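Novice: Questions regarding the structure given below will be posed in turn.
The values are calculated or read from the model by the stated rules, or taken from the named source; none is laboratory data. As the structure is a prediction and not an experimental result, all values here were calculated from the model. Neighbour counts are summed over all protein chains in view; Cβ atoms, including those assigned to glycine, are modelled from backbone coordinates with ideal geometry.
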Amino acid sequence: MRKRKRGKNRSGTILLTLCARCAQQFYDSGEHIIRRADPDQMVKDTCCYCGQRQGWDYEIKNRVKRSGEGGESL
Ligand SMILES: [Zn+2]
């Protein structure tokens, strides 16, 4: 198993491996800021959303701020 680091880090950004379809869900939702975590990534990994297709690592951040949850601070 050679998985990349993922999970929550500071500023509420989540690192996920997403296939194109699942990534599109985040784009379409409008509630998340999503971008490639590593534009130089050469090897696709299993999508951790559907667990079937292959995709890239993405950084996903909630656009909506919820007070009292997570404690995001600049
Ligand atoms: Zn997927």
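Novice: Residue pairs, Cβ under 6 Å, 6 or more apart or interchain, first in region 13-24 and in contact (Cβ under 8 Å) with a residue 40 or more places away in the chain and in a strand (DSSP E or B), second small (Gly, Ala, Ser) and near the ligand (Cβ under 8 Å from one of its atoms). List them.
Specialist: Going by the 6 Å Cβ cut-off, the qualifying pairs are Thr17/Gly55; Leu18/Gly55.
Novice: Could you check how many residues of region 17-37 are under 11 Å from the mean Cα position of the chain (by Cα) and more than 16 Å from the ligand (Cβ to nearest atom)?
Specialist: Residues that pass the stated criteria total 2.
Novice: For Arg6, all conditions in the list (1) within 15 Å of the ligand (Cβ to nearest atom); (2) modelled with pLDDT of 90 or more hold save one; what is the number of the exception?
Specialist: So Arg6 meets the others, but not (2).
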